[in-house]
Structures are given as C-alpha cells and as structure tokens.
1. Would you work out the relative contact order for chain A, in percent, from Cα pairs under 8 angstrom that are 6 or more residues apart?
2. Test of understanding: express the Cα radius of gyration of the stretch B:2-96 as a ratio to 2.2 N^0.38 Å, with N the residue count.
3. What Rg and what Dmax come out for the protein assembly as shown when only alpha-carbon atoms are used, in angstroms?
4. Normalise the Cα radius of gyration of the stretch A:2-84 by 2.2 N^0.38 Å (N = residues in it) and let me know the number.
5. Suppose only helical runs count, i.e. DSSP H with n ≥ 4. What mean residue ellipticity at 222 nm does that imply for chain A under -39500 (n - 2.57) per run, divided by all residues and rounded to the nearest 500 deg cm²/dmol?
6. Excluding A:ASN43 itself, what net charge comes from residues whose Cβ is under 15 Å from its Cβ, given Lys and Arg +1 and Asp and Glu -1?
Amino acid sequence: MILYALYFALSCFGIAQLFCVYRIIVGPGVGDRILALDTMSINFIALIGLFGVTFNTSMYFEIMLLFAMVGFISTVAYAKFLLRGDVIE
Amino acid sequence: MELILEIVITAFLVIGGLFGLIGSFGLVKLPDQMTRLHAPTKAATLGVGGVLLASVLWFGFFGEHASWHELLIVIFLFLTAPITGLMIAKTNIHLTWRAEDLPDPGPDMHWATYGDSAEQSLMDMDQDSDRPKRENHF
C-alpha cells in the first residue's frame, strides 16, 4: 500500500516539476521565473525525500538540507538583485 | 497496529502529493503575477511538509532507525517560504507598478516599500529625479 502511495506522490511531484518548467519557459515576467525556480527547488526536496523512502536509506538527508538552503539563498539573491541592482552592498 | 500505521503514512503521502501538484498547477493556471504567488508559497510548502512527515513516520517504524532530521527541513521550509514570498512580491511591485497606481492604504499611512525609511530601489530612482541618486558599485 505504501509503495503505491509512494509511486503516486512521485508522479505528482514529477508533473509539478513539468508545470514549473512550463512557467519558466513561458512566464511573462522575471518574478514568475524566480517563483517557478523556487517552487522547483521545493518540489525537488520532496522528490529526494521520496527517493530516500523508496530505497530505504537516510543518506539523502544532507542533500535535502543543502538543497533547501541553496534554494532559499538563491531565490533571495535573485530578488535582491532585481530590487537593488546588487546582491551584496 | 501495522495496518493503522500504513494507512496513516499512505494518507500523508497522498495528501502531500496532491497538495504539491495543486500548488504547482496554480502556478500555471492563475491569471495574474501576484495571484500566482499564492499557490506555490502555501500549497507546495504544505505538500512538502506532508511528504517529509510521512518520511519521518516511515523511518521511525519501518526503516533502519528513527530520525527526526526531516522535521528540521520542514521547519526550515516553513520559516523561509514567507520570506521568499515577500521578496518576490516586492520585486513584482517595483517592476510592474508605480507608487501612484497602488491602492490607497488609508489616512496617515503609506506603502512601506515606497517610504523614505525603506530601501530605495534603483529602478525608482531613475523615474524620480528629486530623490538622491545612489552611487553604483557594479
């Protein structure tokens, strides 16, 4: 039962990644693209966690934590660059 | 006991996956740049939270050993999602609207992002010449 739920959640987040890719390619503004990239990194964290459950290893925890931090900092850096024209002043 | 646990973990996985899918579908479907900000910052974060909670339960009862590591990521995501939402909303405001087009916030109030004490954007300084021009350090 858990295995089928895992497959369901994996396919859900895979389709969600495709939606994000669509918004990155089509998106009319820069803010849309930044938001889609942020959502992609968040969805990817869930995908890595589901892979960890599927293969029964806790090795993926560090990758998830690094992805969360890098995704957050890169999103803030993009927005800051658009707001101020500079990331670190 | 085992069946109840399996049902709980399955429910968390299915609900989390559905919320993640809905959050990203809102990114495609919603019409406006600002309304599009709602879906991923709320629904997708909740979906990731559900999936990671299921992962915590699964490792605790069926995996090698119990680990509370995933809860750390859930807390980090729940803390950082409003900040990214705020930064992207601020970027959208400064890129697409000017201060005169925004709705009136009420008497004796002003939009904080356009106030004198707030950070001044480079793009606004190009439009209003009365403000002091900041030196660029590109």
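1. It rounds to 26 percent for chain A.
2. Output field value: 1.30.
3. Calculated on Cα positions, Rg and Dmax stand at 20.4, 71 Å.
4. 1.23
5. The per-residue figure over chain A is -30000 deg cm²/dmol.
6. +1
Only the coordinates and a few stated rules stand behind these numbers; no lab work does. For clarity, every value in this text was computed on a predicted model and none was experimentally measured. Please note: Cβ atoms are built from the backbone with ideal geometry, for glycine as well, and neighbour counts cover all protein chains shown.
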